[in-house]
Amino acid sequence: MLVPFEKLTEMILPRDVIGGHGAIEKIYEVFRRISDTDKVVIVAGKNTYEVAGKKVEEILETKGVNVNVLITGDATEENVEYVKEETKKIGAKVIIGVGGGTKIDIAKKSAFDLNIDFISVPTSASHDGVASPRASIKKGDISISMEASMPVAIVADTEIMVKSPFRFLASGAADVLSNLTAVKDWSLAHRLKGERISSSAYMIAEFAANEIINNSSQIKPNLEESVWFVMKQIAFSGIAMSVAGSSRPASGSEHMFAHAVEAIKKGNGLHGELCGIGTIISMYLHGGDWSLVKDTLKNIGAPVKLDQVGLNEEDAIQALMMAHKIRPDRYTILGENGLSENAAREALKITGVI
Ligand SMILES: [Zn+2]
């Protein structure tokens, strides 16, 4: 008997990805392609408003669009509620998020809840969230990764982004590099747990990471081309997540380590920086080429040692031992019981991150 075909796949992809010098000038054109309404909400922080939000506002206002700027703070549930309430009152059908992380998260989560369009205008490329359908929102003290809107358009102006600290860009490149172990974890979960895997999402995520490896020495400060290049890989990571319908291809055990460090509130590493160090450790656990990961991070100028992100050995051991509990539904090389203290210490020692 023939088995009925019951698969149903949904991929929500961005329709406009514009990256490069002066890209922001295209914001009206992009807005018009998406919407024929005359109202828009801009979500920005004080800083990101000055850096890019103001420009977006000016361009749209000159064309007769009614622009409402909401200046917000951290990506908290309260700020999401605030943006949603205001957007409803205004009656806007498009939210433009202008920022490097938290403002984008607020904008994409608000747009998702309101079922309206979201345009991402990143001011830095510090992690892959600027082009992904996931948002990290704080509930009280802890950050939770939630489903959010995929940006319908990404307008990444390298002239603006290159002015943000280089540390952000290196961190964003490290976040893309972490796809290497994320896909290994995915493949393991497929083999061990029968989890569904998408070979196309796998390939796209891995391709983006390999691009970072092959061009790591080209990622330099004060160079718009570097921003353009990393941003492109970030967009591919986002597309891989869209194709997979989850963050699986871009987030595995290395991200769990990063989230565990965040949870114990130790150190001062950026998300991508912690993921980079996590990738060295996870690659070692997978028996893969962790020195290639380490060399790539070094070439980029991203941290490869704990003290570069304000962590000591005991902090990292604590994070490694609890990392498997961060997302129990996501099977990784950390297994169901996580690492033993000895194994964690050994992993840190052998990979030389201490
Ligand atoms: Zn990440």
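If you average the sequence gap of Cα pairs under 8 Å that are 6 or more apart and divide by the length of the chain, what percent do you get for the contact order?
Working: 743 pairs, mean separation 56.4, N = 354.
Once divided by the residue count of the chain, the mean separation gives 16 percent.
Tell me which aspartates and glutamates have Cα within less than 15 Å of LYS46's Cα, excluding those fewer than 8 residues away on the same chain?
Straight-distance partners of LYS46: GLU57, ASP74.
Can you give me the distance in nm between label points at ASP307 and LYS325, each placed 7 Å from the Cα along the Cα-to-Cβ direction?
Between ASP307 and LYS325, the simple spin-label model gives 3.0 nm.
Per residue of the chain, what 222 nm ellipticity follows from adding -39500 (n - 2.57) for every DSSP H run with n ≥ 4, rounded to the nearest 500? Intermediate results must be reported in sequence, preceding the final value.
Details: 14 runs with 170 residues, N = 354.
Calculated at 222 nm, the ellipticity per residue is -15000 deg cm²/dmol.
Over region 170-280, what is the relative contact order in whole percent, taking alpha-carbon pairs under 8 Å and six or more residues apart?
Details: 150 pairs, mean separation 47.8, N = 111.
Reported as a whole number, the value is 43 percent.
Could you name the lysines whose alpha carbon sits less than 19 Å from that of LYS138, not counting residues in the same chain fewer than 8 places away?
The reachable lysines, counting only those whose Cα sits under 19 Å from LYS138, are LYS84, LYS103, LYS108, LYS109, LYS265, LYS266, LYS325.
Enter the accessible area per residue of region 107-238 (Å², integer; probe 1.4 Å; all protein chains in place).
Values: 4990 Å² over 132 residues.
Per residue, region 107-238 has 38 Å² of solvent-accessible surface.
With a point put 7 Å past each Cα toward its Cβ, work out how far LYS88 is from LEU223 in nm, to one decimal.
4.9 nm
In percent, what relative contact order does region 156-229 have, based on Cα pairs under 8 Å that are 6 or more apart in sequence?
Working: 49 pairs, mean separation 36.8, N = 74.
So the answer I get is 50 percent.
Given Cβ point charges of +1 (Lys, Arg) and -1 (Asp, Glu) and nothing else, what value in debye, to the nearest 20, does the dipole of the chain about its Cα centre take?
Values: 39 positive and 45 negative charges, 48 e Å.
With Lys and Arg at +1 and Asp and Glu at -1, about 240 debye.
Putting +1 on Lys and Arg Cβ atoms and -1 on Asp and Glu Cβ atoms, find which of LEU2, VAL130, ALA209 reaches farthest to the positive end of the dipole of the chain.
Checking the options against the dipole of the chain, the answer is LEU2.
Between region 168-203 and region 222-277, how far is it from one alpha carbon centroid to the other, in angstrom?
With region 168-203 and region 222-277 each reduced to a Cα centre, they are spaced 11 Å.
According to a simple spin-label model (label point 7 Å from Cα along Cα-to-Cβ), what is the distance in nm between LYS54 and GLU29?
Simple spin-label model gives 2.5 nm for this pair.
Write down, largest first, the equivalent ellipsoid semi-axes of the chain in whole Å, where each equals the square root of 5 times an eigenvalue of the alpha-carbon gyration tensor.
On the way: eigenvalues 224, 102, 73 Å².
Rounded to whole Å, the semi-axes are 33, 23, 19.
Find how many whole Å separate the alpha carbon centroid of region 313-338 from the alpha carbon centroid of region 76-102.
Computed from Cα coordinates, the inter-centre distance equals 34 Å.
Using the heavy atoms of the protein chains alone and a 1.4 angstrom probe, what is the accessible area of region 243-289 per residue in square angstrom? Could the numbers behind the result be given before it?
Numbers: 1270 Å² over 47 residues.
Ligands and nucleic acids excluded, the figure is 27 Å² per residue.
Measure nothing fancy, just the Cα-based angle from helix 224-244's long axis to the longest principal axis of the chain, in degrees from 0 to 90, nearest 10.
80 degrees
Excluding ligands, DNA and RNA, what is the solvent-accessible area per residue of region 39-103 at a probe of 1.4 Å, expressed in Å²?
Details: 2890 Å² over 65 residues.
Result: 45 Å² of accessible area for each residue.
For the chain, set up a Gaussian network in which alpha carbons nearer than 10 Å are linked by springs, and say which option among ARG167, ARG32, ARG327 fluctuates the most.
Residue with maximal mean-square fluctuation among ARG167, ARG32, ARG327: ARG32.
In the chain, what percent of the accessible surface is made up of carbon and sulfur (1.4 Å probe, ligands and nucleic acids excluded)?
Numbers: 7700 of 15390 Å².
Result for the chain: 50 percent of the exposed heavy-atom area is carbon or sulfur.
The values are calculated or read from the model by the stated rules, or taken from the named source; none is laboratory data. Since this is a predicted model, take the numbers as computed values, not measurements. As a convention, Cβ positions derive from the backbone with ideal geometry for all residues, glycine included, and neighbour counts pool all protein chains shown. Protein only, heavy atoms only, side chains kept; ligands, DNA and RNA dropped before computing areas. Shrake-Rupley method; radii C 1.70, N 1.55, O 1.52, S 1.80 Å.
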